[in-house]
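Heads up: the structure comes next, in structure tokens.
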Amino acid sequence: MSGELSGQVAIVTGGASGIGAASAALLAGQGARVIVADLQDARDGAGRFVSHDVASEESWKSLLADVLESEGRLDIVVNNAGISGGVGNAETTTVENWQHVQAINSEGVFLGCKYAIQGMKQTGPDKPASKGSIVNISSIAGLIGSAGPTAYTASKGAVRLLSKSVALYCAEQKYNIRCNSVHPGGVDTPIFNPLWQAMGHEQGKAFLGSRHPIGRMAEPVDLGEVVLWLASDRSNFVTGAEIVADGGLTSGLMKR
Amino acid sequence: MPRLENKVVLLSGGASGIGAETARLIAREGGKAVVADRDEAKGRALAAELGDAALFVTLDVTQEAGWQSAVAASVERFGGLHGLLNAAGVGVRNSIEDCTLAEYRRVNDINSLGTFLGCKTAIPALKQSGGGSIVNISSVLGLRGASYAMAYCASKGAVRTLTKNVALHCAQMKYNIRCNSVHPGYIDTPMIAPRLGQTVGNRSGRQDLEELHPLGRLGRPEEVANMILFLLSDESTFSTGSEFVCDGGLTA
């Protein structure tokens, strides 16, 4: 397929659903060969499905080996896989819950960046120098304290700063690998399944939507477009940045 | 009137650096300092220096049971708990390429899980005592990235947002407990001591770090302790969920 990303290879973790699935579809739409890496089966998705656990270093090693062997290169990694980890607050969150959420949301992104760089540094006949774009999905919970459970909030704060460190390191090494964090507000994805079950999907969406200045929740494609832009050469001067796509939620106060 | 009269404050990492200077200041301002640290020798020496105003407890901040004993000991000795300083932390230099998963987890466990456990364990005791103030030490590297401190940046970013989450939870529950983060620049403490003697280009490690700060020098522990004192005291009762920067202009 031809397109802006023609010839490029992308890994999207958590690519089976939500922001990941929308990103995979948009990247593929621009001609990228997309590896949908997820625990959840996604054989009908926009790319080639590979079963993958972001919290496992072994899983990252085999995923990278697979991609380099079958595709010969790596250009884009979208570290999107994440969990909310339930509803624990500062008093009720257990150490087990904390560790579980950090393992996926924080360690998973750390490993994702580490192996992304390893893959993006590989050069070949059609990719003479290291080059690439890493997109880490944080959250407005990485910016404000009210947007999620305690362990989730901490994990997204970690992703926010980790992304900057990675960006600066790659710049320092002259790798031509960019790294940015994306901070969505409420997006209609399975992460809200417990709320949909409690309130009903439409009522739940309306309720959360009313809290966004723009008056609605995001659809996954709204975030997929941000991911596509960060993945592509259109954002070539953007690195270490926090891209907020939250319908105005963290912008400030409105008349009430 | 002393600024912390009869206030009891538990300090993780209280035996050295910012924690120790804060403990001294607390004692000077009429409060009680519970010095919690893994370093027993230093901790006991500081408690002895401060006399009746201090108590030493051993604490590994990654262990919930240890936190529970530390909080219980504070209440038993001094009759309540009004403040918590999460100052324990490790400063580690590593990059995204050379950091191992085990090292990433170790740094985050001490700096971020340790701070969470401090908050979680202290909240009931603070509540019981009519409210209080939690101060979490993040860093300028919780505000800005550093290419050479990947795991540390992640852990301090976690502390930054965790602090806001704790602040809002306590506000919503009407506990009268505030929670703020402090973001020091490079402070002349044991944490950065190994770097000061190194050579960076044609300068010493100390000069190299000094030049990062527009004020042209390293911070002194007591300068951060003064900010913490303000946050622990009733002078700051409308501040919660906020980021207090003490960095000689580094992030400006």
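The values are calculated or read from the model by the stated rules, or taken from the named source; none is laboratory data. Predicted model, so just to flag it, every value in this text is computed and none were measured. We place every Cβ from the backbone using ideal geometry, glycine too, and count neighbours over all the protein chains shown.
Things worth noting here:
- Of A:Gly240, A:Gly157, all but one fail to be within 8 Å of chain B (Cβ to nearest Cβ) and free of Cβ contacts under 8 Å to residues at least 24 places away in the same chain; the exception is A:Gly157.
- Failed item, numbered, when A:Cys179 is tested on (1) modelled with pLDDT of 95 or more; (2) surrounded by fewer than 23 Cβ atoms within 10 Å (Cβ to Cβ): (2)
- Leading residue by the ranking (nearest to A:Asn236 (Cα to Cα)) among those in region A:102-134 that are buried (at least 18 other Cβ atoms within 10 Å of the Cβ) and aliphatic (A, V, I, L, M): A:Ile134
- Among the conditions (1) in a loop (DSSP other than H, G, I, E, B); (2) under 13 Å from A:Leu162 (Cα atoms), the only one that B:Gly130 does not satisfy is (2).
- Any helices (runs of 4 or more DSSP H) falling wholly within region A:166-256 and containing at least 2 residues that are under 21 Å from A:Asn136 (Cβ atoms) and in contact with a helix residue (DSSP H, G or I) (Cβ under 7 Å, 6 or more places away or on another chain): A:220-231
- Residue satisfying condition, being farther than 19 Å from B:Ser181 by Cβ and touching a residue at least 40 places away in the same chain (Cβ under 8 Å), within set B:Ser112, B:Ser16, B:Ser12: B:Ser16
- Residue in region B:69-98 that is surrounded by the most Cβ atoms within 10 Å (Cβ to Cβ), counting only those that are of a type outside the set (A, V, I, L, M) and closer than 17 Å to B:Gly157 by Cα: B:Asn86
- Single condition B:Ala102 does not satisfy, out of (1) surrounded by fewer than 19 Cβ atoms within 10 Å (Cβ to Cβ); (2) more than 9 Å from every other protein chain (Cβ to nearest Cβ); (3) touching a residue at least 40 places away in the same chain (Cβ under 8 Å): (3)
- Some residue of region B:122-135 being buried (at least 24 other Cβ atoms within 10 Å of the Cβ) and facing another protein chain (nearest Cβ under 9 Å): yes
- Pick from region B:136-183, criterion over 21 Å from A:Ala147 (Cα atoms) and assigned to a strand (DSSP E or B), ranking: nearest to the other protein chains (Cβ to nearest Cβ): B:Ala149
- Single residue of A:Glu91, A:Glu96 found to be facing chain B (nearest Cβ under 9 Å) and among the charged types (D, E, K, R): A:Glu91
- Exactly one residue out of A:Gly248, A:Gly200, A:Gly148, A:Gly240 is at pLDDT 95 or above and crowded, with 17+ Cβ neighbours inside 10 Å, and it is A:Gly240.
- Checklist (1) at the interface with chain A (Cβ under 10 Å from one of its Cβ atoms); (2) more than 14 Å from the chain's Cα centre (by Cα); (3) among the β-branched types (Val, Ile, Thr) applied to B:Val107, failing item: (1)
- Residue in region B:148-170 that is modelled with pLDDT under 95 and not polar (S, T, N, Q) present: no
This table checks each residue for (1) surrounded by 23 or more Cβ atoms within 10 Å (Cβ to Cβ); (2) free of Cβ contacts under 8 Å to residues at least 24 places away in the same chain; (3) within 30 Å of A:Asp75 (Cβ to Cβ).
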{"residue": "A:Ser163", "(1), (2), (3)": "yes, no, yes"}
{"residue": "A:Ser210", "(1), (2), (3)": "no, yes, no"}
{"residue": "A:Glu219", "(1), (2), (3)": "no, no, yes"}
{"residue": "A:Leu228", "(1), (2), (3)": "yes, no, yes"}
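- Where strands (runs of 3 or more DSSP E) fall wholly inside region A:4-117, the ranges with 3 or more residues that are β-branched (Val, Ile, Thr), in contact (Cβ under 8 Å) with a residue 40 or more places away in the chain and touching a helix residue (DSSP H, G or I) at 6+ places or on another chain (Cβ under 9 Å) are A:9-13, A:76-79.
- Checking each residue in region B:91-103 for being more than 20 Å from B:Ala225 (Cβ to Cβ) and under 20 Å from the mean Cα position of the chain (by Cα) picks out B:Val92, B:Arg93.
- Restricting attention to region B:69-102, the residues being assigned to a strand (DSSP E or B) and among the polar types (S, T, N, Q) number 2.
- Residues that are within 19 Å of A:Leu208 (Cβ to Cβ) and of a type outside the set (Val, Ile, Thr), drawn from region A:225-256: A:Ala245, A:Asp246, A:Gly247, A:Gly248, A:Leu249, A:Ser251, A:Gly252, A:Leu253, A:Met254, A:Arg256
- Residue within region B:140-161 that is closer than 14 Å to B:Ala87 by Cβ, more than 13 Å from the chain's Cα centre (by Cα), surrounded by fewer than 24 Cβ atoms within 10 Å (Cβ to Cβ) and of a type outside the set (Asp, Glu) present: no
- For region A:160-181, a residue qualifies if it is more than 9 Å from chain B (Cβ to nearest Cβ) and among the β-branched types (Val, Ile, Thr), and exactly one does: A:Ile177.
- Inclusion of B:Thr115 among residues that are of a type outside the set (Lys, Arg), in a helix (DSSP H, G or I) and touching a Ser or Thr at 6+ places or on another chain (Cβ under 9 Å) is warranted.
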